[in-house]
Amino acid sequence: RTLSYLKISAASNPAAATMMKSLGASAILLAATSSSCNAFFSTTTHKRPSSSSLAATPILGPINEDIFSTTPPLRIEGNSLKTWSGFQSDRVQVSIKSMGRPVEASVELWQTPSYIPTKFTVECEDGSENIVHSLIELPPGYPVTIAVYNTEGQEFPMEVSVSDSNSGSALDSFAGWRPILVQGDGTVKAFNLADDVEHVEILLTTQTRNMKAYIEILKGPNDDNEIIEVDTDNAYLHPFYTVIQAAEGCNTLRIKNENSVEFPFEAYVRPCEGVVEEERQQFNYGGPYF
């Protein structure tokens, strides 16, 4: 192929013919090397993934956004506790909101009077904009209770709906998505969200290990719109799934592993409910945004 290429070049360019005669074998070797390099770079060049793979979509996870209509919420006053039991499914949806006031709550799964396999706390500035939708996996064959504390003052009530979820598991809804490994010892992963992302789905899971995670969404430096802290003894049996509302404009989602270095976990993050401009990335997996 190289000799044919040189013959064609020499026939069409007298200067190339003169150079080929003067250089001899060196010209053939140089042309072959150049041709091989060009072929290598043309076959190994990878284009940056387009935004279509990260495009915002409708919420695909097993969350019922109309839960407050189908299951009327109960009002929980400040410094008060309410419990739910008698579930008939493998998972339960817990949704919390308020009438524009701050929310500070603790949600626990009671398996026995003294055993709490999973719990999480949530804080947000405005419970009407930052509505909490979370899913709790239940252990099969055991009677359980969901307890929701309102840890705010008496002047800050909130409304809570708890109901069975007959949809599939959250992990099944992320089939085909690449998880992000979050190592222990305070490792932080950050995701910059475009200004047209309205919700973010988050799933945290492990391989039969315990998990301590810290999730926050930032509007600006040190401006936490919502904070969630998760503590579970086995995130494989009790993965944590939630949908976080993104405020208007650009936001940053941060996920921190508060456990020791021996206990990493996997994080699935999916932006949703937004119209994306072509070739616009929804969030990045690293680089200068960390």
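Can you work out which of the residues in the range 242-290 that are among the basic types (Lys, Arg) and modelled with pLDDT of 85 or more is farthest from Asp195 (Cα to Cα)? Step through it out loud before you land on a result.
Here is the first cut: in the range 242-290, the residues among the basic types (Lys, Arg) are 254, 256, 270, 280.
Next cut, modelled with pLDDT of 85 or more only: 254, 256, 270.
Working: Arg254: 16, Lys256: 23, Arg270: 15 Å.
Among them, the one singled out is Lys256.
Within the range 91-127, track down each residue that is open to solvent by 10 Å² or more (accessible area, probe 1.4 Å), more than 14 Å from Leu81 (Cα to Cα) and of a type in the set (S, T, N, Q).
Gln111, Thr112, Ser114, Thr118, listed by residue number.
Which one is surrounded by the most Cβ atoms within 10 Å (Cβ to Cβ), of the residues in the range 151-167 that are more than 24 Å from Lys212 (Cα to Cα) and among the polar types (S, T, N, Q)?
Ser165
What is the number of the single condition among (1) surrounded by fewer than 15 Cβ atoms within 10 Å (Cβ to Cβ); (2) in contact with a Ser or Thr (Cβ under 6 Å, 6 or more places away or on another chain); (3) within 22 Å of Leu171 (Cα to Cα) that Gly141 does not meet?
Gly141 satisfies all of (1) surrounded by fewer than 15 Cβ atoms within 10 Å (Cβ to Cβ); (2) in contact with a Ser or Thr (Cβ under 6 Å, 6 or more places away or on another chain); (3) within 22 Å of Leu171 (Cα to Cα) except (2).
Confirm whether Ala170 is aliphatic (A, V, I, L, M) and surrounded by fewer than 20 Cβ atoms within 10 Å (Cβ to Cβ).
no
Each row is one residue, and each column tells you yes or no for (1) out of contact with any helix residue (DSSP H, G or I) (no Cβ under 8 Å at 6 or more places or on another chain); (2) within 27 Å of Thr70 (Cβ to Cβ); (3) not in a loop (DSSP other than H, G, I, E, B).
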{"site": "Val160", "(1), (2), (3)": "yes, yes, yes"}
{"site": "Ser163", "(1), (2), (3)": "no, yes, yes"}
{"site": "Arg178", "(1), (2), (3)": "yes, no, no"}
{"site": "Asn192", "(1), (2), (3)": "no, no, yes"}
{"site": "Ile202", "(1), (2), (3)": "yes, yes, yes"}
{"site": "Thr208", "(1), (2), (3)": "yes, no, no"}
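Within 20 Å of Val94 (Cβ to Cβ), open to solvent by 50 Å² or more (accessible area, probe 1.4 Å) and not small (Gly, Ala, Ser): does that describe Lys212?
On the way: within 20 Å of Val94 (Cβ to Cβ): yes; open to solvent by 50 Å² or more (accessible area, probe 1.4 Å): yes; not small (Gly, Ala, Ser): yes.
Criteria met by Lys212.
Which residue pairs have Cβ atoms closer than 7 Å, lie 6 or more positions apart in sequence or on different chains, and pair a first residue in the range 211-234 that is without any contact (Cβ under 8 Å) to a residue 60 or more places away in the chain with a second residue that is crowded, with 23+ Cβ neighbours inside 10 Å and hydroxyl-bearing (Ser, Thr, Tyr)?
Met211/Thr232
Where in the range 99-156 are the strands (runs of 3 or more DSSP E), entirely inside, with at least 1 residues that are in contact with a strand residue (DSSP E or B) (Cβ under 6 Å, 6 or more places away or on another chain) and of a type in the set (Lys, Arg)?
Here the list reads 118-124.
Could you check the range 173-201 and list, in sequence order, the residues that are within 28 Å of Glu125 (Cα to Cα), touching an Asp or Glu at 6+ places or on another chain (Cβ under 9 Å), open to solvent by less than 20 Å² (accessible area, probe 1.4 Å) and at pLDDT below 95?
Selection gives Ala194, Val197.
The values are calculated or read from the model by the stated rules, or taken from the named source; none is laboratory data. Because the structure is a prediction, the values reported are computed rather than measured. Cβ atoms come from the backbone with ideal geometry, glycine included; neighbour counts cover every protein chain shown. Surface areas here come from the heavy atoms of the whole protein model, side chains and all, with no ligands, DNA or RNA. Shrake-Rupley method; radii C 1.70, N 1.55, O 1.52, S 1.80 Å.
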